[in-house]
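**Student:** Before we start, here is the structure in question, set down as structure tokens.
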């Protein structure tokens, strides 16, 4: 999960072709659940999803 250049957040799965985005962090989490449910068959659905946050920050020196 990382901040989008256009605003909001984007998320992608490692090892699976799952990508989604949201304007808010809450919307992103809801979209992740929807995307995972759309990708997997009910019997293959994972029980948990771990979010890894990436944040680039620029500081003046």
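The values are calculated or read from the model by the stated rules, or taken from the named source; none is laboratory data. As the structure is a prediction and not an experimental result, all values here were calculated from the model. Here Cβ is always computed from backbone atoms with ideal geometry, including for glycine, and neighbour counts include all displayed protein chains.
**Student:** Kindly provide the set of residues from segment 12-61 that are closer than 13 Å to residue 1 by Cβ, touching a helix residue (DSSP H, G or I) at 6+ places or on another chain (Cβ under 7 Å) and surrounded by fewer than 14 Cβ atoms within 10 Å (Cβ to Cβ), ordered by number.
**Tutor:** 49
**Student:** Separate question: So is residue 7 exposed (fewer than 10 other Cβ atoms within 10 Å of the Cβ) and either modelled with pLDDT under 95 or touching a helix residue (DSSP H, G or I) at 6+ places or on another chain (Cβ under 8 Å) (or both) or not?
**Tutor:** Judged against the criteria, residue 7 is a match.
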